[in-house]
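The block underneath contains the structure these notes are about, expressed in structure tokens.
Values quoted throughout were computed directly from the atomic coordinates according to the rules given, and no laboratory measurement underlies them. Keep in mind that what you see is a predicted model, and the values were worked out from it rather than measured. No Cβ is skipped: glycine too gets one built from the backbone with ideal geometry, and neighbour counts run over all protein chains shown.
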């Protein structure tokens with residue numbers, strides 16, 4: 001999952017890649033709010 005990919009990028013010090021993945025995740029959640037964990 002993308003969350004694990006973000007963590008992996010952070011652990012290996014690849015901040016640019018982690019930021020890019022986070023931006024993708026934020027865009028996805030903005031477009032599909034019902035997909036967020038805990039959404040009712």
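Before moving on, here are some points about what is shown:
- For Cα extents along the principal axes in Å, the value calculated from this model appears in (i) 35, 15, 10; (ii) 24, 19, 18; (iii) 43, 29, 10 under label (i).
- With Cα atoms, 0 to 90° folded angle of helix 15-31 axis to the chain main axis: 10
- Taking label positions 7 Å along the Cα-Cβ direction at both residue 31 and residue 7, the computed distance is 2.6 nm, reported to one decimal.
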